[in-house]
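In what follows, a structure is listed as structure tokens, so that the remarks can point back to it.
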Amino acid sequence: MLKLPSVPGATPPRPGTPAAEPKTKLDNAAEAATAALGWLDERTALSGTARFVMFRKVPKGTNWFYTLGTSTMFAFMSQVITGVILAMFYDPSPNRAYESMRYINNDVWAGQFVHGMHRWGATVMVIFIFLHMGRTFFFGAYKYPRELNWVIGVLLVLLVMIMAFTGYLLPWDQRAYWATAVGVNIFASAPIAGPYLGDFLRAGPDFGATTLSRFYSIHMLVLPGLIMGLIGAHLYLVIKHGTTAPPWVTAELDEELRSEEV
Ligand code: HEM
């Protein structure tokens, strides 16, 4: 066993105490990481917040249905990451959009994979958000005091649907073009606001070059920003109010209180 040199002035180990094991590289790395986290925490006090968020009490009976909100959040995060990668290669001009998509799929390393993740991820997110909405509805989680969180959720559903609609045009192929043209005409046929909405979405009277850049800016700047802000508010309220117990779990009433109730 390695004999460590004794430090002058240090208390000698008690007889019979086993000598300390020499530190491995892993021990040193773990110590360095702990010290770095300690440094950060001393200046930000974030560990208290993190502990409060991560170790909240949850009611009895919570189950897999309660993971649907977090699943929606992870689907959104995946959309953000893959979307940022696609934006590095995508060109939203009418002459180059289709060509840039072809380039992403055929020539960029893992481009087709990232594009596929983004396209299928959009569908996954829409499925998750509706399942999560269904869970909160059927478990009565929209009731007092969580009405505001329900309203924020409804806004999130709307924004996610508009996100899917605006993204559909971006490949700029025949299907994207005509499906979106039909969608915009449906919006435009709404009473009163319809024609204004149609002009806004087309960025003018005709469906064309300006429509593509308008859809792109709404899809990759306006909506992600709004969705992120609303998810922040949504999670703040989830943490503030705690989670609703499943409807089949009833509170155990104190016998004394029960007798007072009658
Ligand atoms: C981007 C979309 C969304 C994200 C990322 C999200 C995320 C979450 C998360 C992580 C939770 C806590 C865990 C859970 O109960 O699953 C939650 C709870 C909740 N969400 Fe959402 N959510 C979204 C959309 C919606 C929608 C569309 C609605 C309803 C219209 C909604 C209503 C609620 C309510 C009422 C709660 C509280 C549940 C409870 O107290 O049991 N959320 N959400």
Item to check | Failed criterion for HIS115 (all others in (1) under 25 Å from LEU235 (Cβ atoms); (2) more than 16 Å from the ligand (Cβ to nearest atom) hold) | outcome: (1)
Item to check | Residue that is farthest from HIS234 (Cα to Cα), among those in segment 11-63 that are under 30 Å from the mean Cα position of the chain (by Cα) and of a type in the set (Lys, Arg) | outcome: ARG43
Next on the checklist: Based on this model, can you work out whether LEU169 counts as surrounded by 14 or more Cβ atoms within 10 Å (Cβ to Cβ), closer than 23 Å to ASN95 by Cβ and under 29 Å from the mean Cα position of the chain (by Cα)?
Outcome noted: yes
Checklist entry - All but one of (1) closer than 17 Å to LEU235 by Cα; (2) buried (at least 16 other Cβ atoms within 10 Å of the Cβ); (3) without any contact (Cβ under 8 Å) to a residue 60 or more places away in the chain hold for GLU147; which doesn't? => result (2)
Next on the checklist: within 21 Å of the chain's Cα centre (by Cα) and either within 16 Å of the ligand (Cβ to nearest atom) or farther than 23 Å from ILE104 by Cα (or both): which single residue out of LEU197, LEU226, LEU201 fits that description?
Outcome noted: LEU226
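Quick check on segment 109-127. Is at least one of its residues open to solvent by less than 50 Å² (accessible area, probe 1.4 Å) and more than 30 Å from PHE65 (Cα to Cα)? Before you say what the answer is, go through the steps one by one.
Within segment 109-127, the first condition is being open to solvent by less than 50 Å² (accessible area, probe 1.4 Å), and the residues that meet it are 110-111, 114-116, 118, 121-122, 125-126.
Okay, now just the ones that are also more than 30 Å from PHE65 (Cα to Cα), so 110-111.
Scanning segment 109-127 turns up at least one residue that is open to solvent by less than 50 Å² (accessible area, probe 1.4 Å) and more than 30 Å from PHE65 (Cα to Cα).
Find the helices (runs of 4 or more DSSP H) located wholly in segment 5-90 whose residues include 1 or more that are within 16 Å of the ligand (Cβ to nearest atom) and polar (S, T, N, Q), and list them.
Answer list for segment 5-90: 68-87.
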Next on the checklist: For segment 180-195, check the following and say yes or no: at least one residue is modelled with pLDDT of 95 or more, open to solvent by 40 Å² or more (accessible area, probe 1.4 Å) and touching a Lys or Arg at 6+ places or on another chain (Cβ under 9 Å).
Outcome noted: no
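The values are calculated or read from the model by the stated rules, or taken from the named source; none is laboratory data. These numbers were taken from a predicted model, which means no experiment stands behind them. As a convention, Cβ positions derive from the backbone with ideal geometry for all residues, glycine included, and neighbour counts pool all protein chains shown. Just so you know, the surface numbers come from the protein's heavy atoms only, side chains and all, with ligands and any DNA or RNA stripped out. Shrake-Rupley method; radii C 1.70, N 1.55, O 1.52, S 1.80 Å.
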